[in-house]
Structures are given as C-alpha cells and as structure tokens.
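Single-structure report; data block below.
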Amino acid sequence: MTDRIDVLGVGFDSVTIDEAIARGMTLMAEKRAAYVVTPNPEIVMLAREDAALLNAVEGAALVLPDGVGIVKGARILGTPLKEKVPGIDFAQGLFAKMAESGKTLFLLGAKPGVADAAAEALKARFPGLAVCGTNDGYFQDNAPDIEKINAAAPDLLLVCLGAPKQELWMQENASKLNAGLMAGLGGSLDVFAGVTERAPEGWQKLGLEWLYRLLKEPSRAKRMSNLPKFGFAVIGKRIKG
Ligand code: UDP
C-alpha cells in the first residue's frame, strides 16, 4: 500500500480510477470485509472536528478523493494526488468487472424502496451483475441487518447511509460481516434509482458537481458552507508552509 497523501489531516490514496477499481477487485477477492471511503471536502472538514469519523476513515483499506476539491487542495498543498476518483464512478467500474465474473452485490441504505429500485436499474445496466439483497437505511437495531447481509454473503456491500453514519457503521461492523468488500457511497442509491440526478457531464468536467447539487437541493447550503472553509484552510496551511 502506498503512503497516503495528507489533505488537512485526512490521508488519501493516490491512485487513478483504474488502479482504484483493480485494488477494489483484489480486496473483494480477499473477503475480509475491508472498506472503502470516498471523502469530499465536506467530510474532511467534519473529520477535523470528529475524532471517531477520522478514525473510521483511517481504518479504510482505500481512501479515494471524491471530487475535484480534494485534488485541487492536494495540489495547492504541494503533494498532488493522481486524479479524482468519484465514489459513484468507482462503484460503476466495480459493477462492470463484477458482471463479467458473476459476483454478487448487496445494497444497504436510502429510504424504503430506493435500494430495490436501484437494484433493478443496475441489473438492467450491468447484465450479469447479481444483486443478492437490499435493505433500507433507516433500521433501528443493526443486528437483523447484519444477519440478512451475512446470509446473502455478498462480494460487495454498498453502505449508503450518508456521512459520518456509513463510515462509523462500516468500521464498527466489519469484523461481524461476511462480505468481500464494503464501500460507503452516500447518496448513490438515490442516483442509481433515479430519485436524484447527477450533474450533467459538462458540469462534472468543469468540477462544478457541487454547484449543480446546491442548485438542486438548496437545503444543503448549511452543510456546504464547509466548502469555502476547506478552501481557506488549504490556503492557510499553504501560506504557513
Ligand atoms: N440515509 C440512510 N439512513 C440514515 C440517513 C441517511 O439511509 O439514517 C441515506 C439517505 O436516504 C440518502 C443517503 O443516506 O440516500 C445520504 O445521502 P447524501 O446525499 O446526504 O449523502 P452524502 O452527501 O452524505 O454522501
């Protein structure tokens, strides 16, 4: 494993998306329920104030820079990362490879019904991908969900509970889970199910996914106030040398 690149206290793996997918497939084959996290600037800022979240991120087998903000921050700090690896693109790369070899997927998270709709959409998009179970993300007690996941024994478990819940859940339960690999992917099930839209490609290329999202969901404004704070913190650190 390469040394991680520090971005305001959070270590990131410097990998291309293809390297991330290859590493994900290797981890999946090792079947030790290792987990992948994909922090964006909002999550880096949360982790600076939340030791439990930081610890959960550090415990991940792979920490991927979800979005252009982290990549720009690393460059400004003089320790560039290879490229951005959006969690949703990483997952889709895994699905394509999993479909070729009949690997199984379990979807955990989002409101009731969403994971099932996401499963149908993914099966249509990736013929050969086997969805072996789904569960919504509003459970009260972890135990029944863990039993259900373990009975299904998925090669990949997507944990889509939002940050920091998903990172803490994966860290806490990794040792009890019978799964190849886990990935914490926020609102991805809503995107796969068509409940929320991803920014059009032009916006993505310009690094403006965050702005598209803010325009679509203005209620995120408070959370997103962490974005400029991230920018100022990076510049402040750069100036201090
Ligand atoms: N969610 C969930 N359980 C919870 C809280 C949230 O399953 O207790 C789901 C929510 O329905 C949504 C996702 O987690 O599908 C979080 O989406 P968001 O876009 O906020 O993700 P983030 O920006 O944190 O990656």
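The values are calculated or read from the model by the stated rules, or taken from the named source; none is laboratory data. Just so it is clear, the structure is predicted and the values come from calculations on it, not from any experiment. With ideal geometry, Cβ positions are generated from the backbone for all residues, glycine too; neighbour counts draw on all protein chains shown. For the accessible areas, the whole protein counts, side chains as well, though only heavy atoms, and no ligand, DNA or RNA atoms are used. Shrake-Rupley method; radii C 1.70, N 1.55, O 1.52, S 1.80 Å.
Using only the alpha-carbon atoms, how far is helix 114-125 inclined from the longest principal axis of the chain? Give it as 0 to 90 degrees, nearest 10. Around 80 degrees separate the two axes. Counting charges near Glu217 (Lys, Arg +1; Asp, Glu -1) among other residues having Cβ under 14 Å from its Cβ returns a value of +2. With kT/(6 pi eta Rh) evaluated at 4 °C and eta = 1.567 mPa s, and Rh the Kirkwood radius from Cα pairs, segment 179-241 diffuses with a coefficient of 92 µm²/s according to Stokes-Einstein.
Take the Cα of Glu58, step 7 Å toward its Cβ, do the same at Glu147, and the gap between the two points is 3.6 nm. Note that segment 87-215, at 25 °C in a medium of 0.890 mPa s, gets a Stokes-Einstein diffusion coefficient of 163 µm²/s from its Kirkwood radius over C-alpha pairs. Roughly how far apart, in whole Å, are the Cα centres of segment 122-162 and segment 208-241? Cα centroid of segment 122-162 versus Cα centroid of segment 208-241: 31 Å apart.
Spread over its residues, the convex hull of the C-alpha atoms of segment 32-122 is 137 Å³ per residue. Model label points for Lys165 and Lys123, set 7 angstrom from Cα along the Cα-to-Cβ axis, are 2.6 nm apart.
Summed over the residues of the chain and divided among them, the accessible surface reaches 47 Å² per residue at a probe radius of 1.4 Å. Taking Lys and Arg as +1 and Asp and Glu as -1, the other residues whose beta-carbon sits under 14 Å from that of Ala193 total -1. Sequentially through segment 102-108, phi angles give Karplus couplings (6.51, -1.76, 1.60; θ = phi - 60°) of x, 7, 10, 10, 10, 10, 10 Hz, Gly and Pro residues having no value and appearing as x.
Counting Lys and Arg as +1 and Asp and Glu as -1, what is the net charge of the other residues whose Cβ lies under 14 Å from the Cβ of Gly180? After counting each charged neighbour, the total is +3. Between the alpha-carbon centres of segment 82-97 and segment 28-58 there is a gap of 16 Å. Largest GNM mean-square fluctuation among Gly78, Gly59, Gly128, using the chain with Cα springs under 10 Å: Gly78. Taken one residue at a time, the phi angles of segment 156-171 give Karplus couplings (6.51, -1.76, 1.60, θ = phi - 60°) of 10, 10, 8, 10, 10, 10, x, 8, x, 4, 5, 5, 5, 5, 5, 5 Hz. Gly and Pro are set to x. Here segment 112-241 is assigned +1 on the Cβ of each Lys and Arg and -1 on the Cβ of each Asp and Glu. Its dipole about the Cα centre then comes out at about 940 debye.
Each pair of Cα atoms in the chain enters the Kirkwood radius, and Stokes-Einstein at 25 °C and 0.890 mPa s then converts it into a translational diffusion coefficient of 136 µm²/s. Here's how it looks for Ala34: its modeled amide H is under 5 Å from those of Met182, which are all 5 or more places away or on a different chain. Taking label points 7 Å from Cα along the Cα-to-Cβ direction, Leu214 and Ser101 give a separation of 4.1 nm. Taking amide H as placed 1.01 Å from N in the peptide plane, the amide H of Val7 sits under 5 Å from that of Phe12, each at least 5 places away or on another chain. Compared with the dominant principal axis of the Cα atoms in the chain, helix 87-100 is inclined by about 30°. Only Lys, Arg, Asp and Glu count, each charged at its Cβ (+1, +1, -1, -1), so figure out the dipole size of the chain about its Cα centre, rounded to 20 debye. In total the dipole reaches around 720 debye.
Taking a virtual spin label 7 Å from the Cα of Ala29 along the C-beta vector, which residues in segment 172-195 bring their backbone nitrogen under 16 Å of it? Answer for segment 172-195: 180-181. In the chain, carbon and sulfur make up what percent of the accessible area (probe 1.4 Å)? The computed percentage sits at 55.
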